[in-house]
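Notes follow once the structure below has been shown.
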């Protein structure tokens, strides 16, 4: 089995209580390289590289985990949210993590309850996949956003 960050750190994150939710096939964590407050990542436990490699059970568990992760995020209290980003700022696992955490801590909407979410998946290096292990990003939305289709369309038209 390939050893990537998701394979290697699963037991560490589990031991440290970093999981948002977990089921038979998946687990989720708050992103350590967040694009926005409470950006989460839902990860397959088994090392698979694309959604085409998922079993029916894994696919079902993944969809269930996306919903459960959002529900848990909606119920997080301010102490847990701020604590996560302060810890990320003080103990950054990547060069960029501290800067991301600082930006989020300065966001006036950091504690605003999410009202919806976007999900995204990158499959393949050309699509922006940085970790060669299938996972889904969950982006909690606090106010009207572009949405995935409009954002991708805007990106395409700028090329």
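The values are calculated or read from the model by the stated rules, or taken from the named source; none is laboratory data. It should be emphasised that the depicted structure is a prediction, and the values quoted were computed from it without experimental measurement. Here the Cβ positions follow ideal geometry from the backbone for every residue, glycine too, while neighbour counts run over all protein chains shown.
So the values come out like this:
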{"item": "Lone unmet requirement of (1) part of a loop (DSSP other than H, G, I, E, B); (2) free of Cβ contacts under 8 Å to residues at least 24 places away in the same chain; (3) touching a strand residue (DSSP E or B) at 6+ places or on another chain (Cβ under 8 Å) for residue 14", "result": "(1)"}
{"item": "Residues located in segment 81-132, provided they are loosely packed, with under 11 Cβ neighbours inside 10 Å, out of contact with any helix residue (DSSP H, G or I) (no Cβ under 9 Å at 6 or more places or on another chain), under 22 Å from residue 9 (Cα atoms) and at pLDDT 90 or above", "result": "95"}
{"item": "Number of the condition not met by residue 27 [criteria: (1) buried (at least 19 other Cβ atoms within 10 Å of the Cβ); (2) assigned to a helix (DSSP H, G or I)]", "result": "(2)"}
{"item": "Residue list for segment 57-72, restricted to those being under 20 Å from residue 15 (Cα atoms) and crowded, with 19+ Cβ neighbours inside 10 Å", "result": "65, 69"}
{"item": "Single residue of 91, 51 found to be in contact (Cβ under 8 Å) with a residue 60 or more places away in the chain and either over 18 Å from residue 129 (Cα atoms) or more than 13 Å from the chain's Cα centre (by Cα) (or both)", "result": "51"}
{"item": "Single residue of 59, 98, 65, 103 found to be in contact (Cβ under 8 Å) with a residue 12 or more places away in the chain and in a helix (DSSP H, G or I)", "result": "65"}
{"item": "Residue selected from segment 33-56 under the condition in contact with a strand residue (DSSP E or B) (Cβ under 8 Å, 6 or more places away or on another chain) and in a loop (DSSP other than H, G, I, E, B), by the criterion surrounded by the most Cβ atoms within 10 Å (Cβ to Cβ)", "result": "38"}
{"item": "Of all residues making up segment 68-80, the number that are over 18 Å from residue 116 (Cβ atoms), in contact (Cβ under 8 Å) with a residue 24 or more places away in the chain and under 17 Å from the mean Cα position of the chain (by Cα)", "result": "0"}
{"item": "Residue check, residue 63 farther than 15 Å from residue 119 by Cα and modelled with pLDDT of 95 or more", "result": "no"}
{"item": "Filtered residues of segment 23-42 (kept if closer than 20 Å to residue 77 by Cα and without any contact (Cβ under 8 Å) to a residue 40 or more places away in the chain)", "result": "29"}
{"item": "Subset tally (residues that are more than 27 Å from residue 10 (Cα to Cα) and either within 15 Å of the chain's Cα centre (by Cα) or exposed (fewer than 13 other Cβ atoms within 10 Å of the Cβ) (or both)) for segment 133-159", "result": "15"}
